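The structure under discussion appears below in the form of structure tokens.
The values are calculated or read from the model by the stated rules, or taken from the named source; none is laboratory data. Values in this document were obtained by computation on a predicted structure and should not be read as measured data. With ideal geometry, Cβ positions are generated from the backbone for all residues, glycine too; neighbour counts draw on all protein chains shown.
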Amino acid sequence: MPLPPIAPLDDDLERHLVSTREATIEQLLELVRIPSVSSLPEHAADMVRTADWLAGQLRWRGAEDVKVVKTALHPIVTGRIHKTPGAPTVIVYCHYDVQPVDPLDLWESTPFEPFVRDGRMVGRGTSDDKGQIHAHVMAAAGLLATRGAMPINVRYVFEGEEESSSVHLDAWLEANRDRLSADVAIISDSGFFEGNIPAITLSLRGIMYAQIDVVGTDVDLHSGGYGGVVQNPANAIAQIIAGLKGPDGRIRIPGFYDDVAALPDEDRAALAALPFDEGEYLARLGLPTLVGETGYTTLERRAIRPTLDVNGIWGGFMGEGSKTIIPAHAHAKVSCRLVANQEPDTIFEALRAYVGEIAPPGVTTTVRYIGGGHPSLTPMDHPATRAAARALEATFGQPPVYIREGGSIPVCASFSTILGLPVVLLGITPPDDNAHAPNEWMDLGNYETGIRTFARMFDELVDLPR
Ligand SMILES: [Zn+2]
């Protein structure tokens with residue numbers, strides 16, 4: 001996509017960031033030293049300490065209305081920097097909790113005693129997500145110190161439960177919908193593309209998860225005595241599953257594709273331009289060939305097309321040797337990865353209706369909903385995506401590539417469905433950062449340039465249509 005010429009970096013901000021460099025990195029070390037593991041109850045006090053630390057930073061830098069909001073588990077840190085009622089408002093989301101550290105013996109240091117070597121900071125949370133949360137705080141600090149104001153309104157939402165399924169975030173967003181009215185949400189919890197190429201994640205898939213239960217008799221029957229006259233639940237569930245998808249990879253549920261957003265040519269071209277070696281991909285999987293919906297490339301099938309997969313199937317005799325029965329019941333877990341603008345509830349109802357239609361007679365078939373999550377998509381040509389792209393190019397010296405994830409980041413859907421906001425996934429971590437694994441590390445080049453990227457993004461968002 002052709003972008004307008006890039007304005008030079010802000011000299012005052014640049015001087016400020018260079019002169020405060022060591023203190024900045026010292027502070028990131030301080031933040032990483034607090035062991036904020038959200039999933040382990042013994043770290044509850046560390047969670048509060050981290051939240052207080054961040055709130056202190058925001059207050060010190062000049063944010064207003066800074067609060068450490070209690071939830072039933074870990075607090076949410078929020079605060080705002082107000083510019084003017086006429087300017088756009090951005091919500092910045094990051095999380096301050098981290099993953100557990102085991103296996104400890106694979107770390108080359110103590111996970112919460114971070115160190116810097118060869119331009120990398122190693123320690124739990126350096127990249128996921130403390131390096132990014134801190135880069136945001138320092139971007140605000142730099143702008144306020146050099147200009148005395150932000151170019152736009154910013155509201156921070158720093159969560160403490162992201163690594164624990166964000167259990168209490170949705171309720172808090174819903175309860176604070178008015179206070180959180182904004183024009184866009186920037187989520188900084190993602191990373192660059194292979195080779196450390198700046199990247200913006202444009203879309204994530206949602207999910208619909210269901211279970212199919214087929215019940216025949218109360219107990220297993222003798223297959224000699226009853227075979228040939230009663231419906232076999234295991235055969236029946238196989239028949240149902242076989243009916244869900246055609247040999248062309250298309251899902252046969254009527255209406256399944258009705259809401260799928262068409263992908264503009266520009267987006268398909270950007271996806272096709274991503275470096276991807278299908279031979280290497282196959283070799284890594286150890287598979288003879290790939291399969292999927294006809295008419296779409298591998299990258300398209302795994303990111304922008306919906307899917308249907310059986311995640312588990314069971315019933316009847318599963319021991320060694322033989323047992324001649326007709327199973328009393330059989331079951332399958334089935335999930336669909338969804339793309340914009342598919343609704344999990346609608347897809348579930350369509351699945352249930354279709355299974356009801358194709359279920360063979362002689363058994364009782366039910367389909368129940370287990371869970372769902374919304375897909376998320378902000379188009380490439382959205383003004384906020386373009387602002388983020390310009391900020392990356394201005395600071396990292398090259399335009400970003402555009403990634404589409406096959407998986408989900410539930411908080412994205414929370415911001416888009418609860419607050420109705422476009423979401424831009426602007427993250428700065430290196431792709432091989434060992435997030436969630438031993439020896440997690442942050443590239444300090446990414447972190448320091450990332451501070452400039454975030455600051456620049458606010459400048460780029462000044463003209464965001466409201
Ligand atoms: Zn994260």
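Miscellaneous remarks
- Restricting attention to the stretch 420-447, the residues that are within 14 Å of the ligand (Cβ to nearest atom) and under 18 Å from A387 (Cβ atoms) total 4.
- Any chance A72 is buried (at least 19 other Cβ atoms within 10 Å of the Cβ), over 26 Å from G148 (Cβ atoms) and under 24 Å from the mean Cα position of the chain (by Cα): no
- Among the residues of the stretch 52-74, none qualifies, meaning not one is under 15 Å from V98 (Cβ atoms) and among the hydroxyl-bearing types (S, T, Y).
- Test for G131: is it within 30 Å of D178 (Cβ to Cβ), of a type in the set (G, A, S) and under 24 Å from the mean Cα position of the chain (by Cα): no
- Residues located in the stretch 122-159, provided they are away from the ligand (no atom under 16 Å from the Cβ) and either under 12 Å from W441 (Cα atoms) or part of a helix (DSSP H, G or I) (or both): V122, V137, M138, A139, A140, A141, G142, L143, L144, A145, T146, R147
- Qualifying residue in the stretch 76-94 (condition: within 16 Å of the ligand (Cβ to nearest atom), of a type outside the set (A, V, I, L, M), within 19 Å of the chain's Cα centre (by Cα) and surrounded by 24 or more Cβ atoms within 10 Å (Cβ to Cβ)): yes
- Pair list, Cβ under 8 Å, 6 or more apart: the stretch 158-174 residue on the phi > 0 side of the Ramachandran plot, other residue within 11 Å of the ligand (Cβ to nearest atom): S166/E159; S166/V411
- Of all residues making up the stretch 15-62, the number that are without any contact (Cβ under 8 Å) to a residue 12 or more places away in the chain, closer than 28 Å to A437 by Cα and either among the aliphatic types (A, V, I, L, M) or crowded, with 20+ Cβ neighbours inside 10 Å (or both): 3
- Of the residues examined, S165 is one that is closer than 25 Å to L204 by Cα, of a type in the set (G, A, S) and surrounded by fewer than 24 Cβ atoms within 10 Å (Cβ to Cβ).
- When every residue of the stretch 101-120 is checked against the conditions, at least one turns out to be within 16 Å of the ligand (Cβ to nearest atom) and either touching a Pro at 6+ places or on another chain (Cβ under 9 Å) or farther than 20 Å from R59 by Cβ (or both).
- Candidates R452, R404, R456, filtered to the one that is under 30 Å from A332 (Cβ atoms), in contact with a Ser or Thr (Cβ under 6 Å, 6 or more places away or on another chain) and crowded, with 21+ Cβ neighbours inside 10 Å: R404
- Options T417, T366, T378; residue that is more than 15 Å from the ligand (Cβ to nearest atom) and within 30 Å of L28 (Cβ to Cβ): T378
- Test for R368: is it charged (D, E, K, R) and out of contact with any strand residue (DSSP E or B) (no Cβ under 7 Å at 6 or more places or on another chain): no
- With respect to being charged (D, E, K, R) and touching a residue at least 40 places away in the same chain (Cβ under 8 Å), E293 fits the description.
- Residues located in the stretch 191-227, provided they are among the hydrophobic types (A, V, I, L, M, F, W, C) and more than 16 Å from the ligand (Cβ to nearest atom): F193, I197, I200, L202, I207, M208, A210, I212, V214, V215, V219, L221
- Residue that is modelled with the lowest pLDDT, among those in the stretch 160-190 that are part of a loop (DSSP other than H, G, I, E, B) and within 16 Å of the ligand (Cβ to nearest atom): S165
- The one condition from (1) surrounded by fewer than 17 Cβ atoms within 10 Å (Cβ to Cβ); (2) assigned to a loop (DSSP other than H, G, I, E, B); (3) touching a residue at least 60 places away in the same chain (Cβ under 8 Å) that D12 does not meet is (2).
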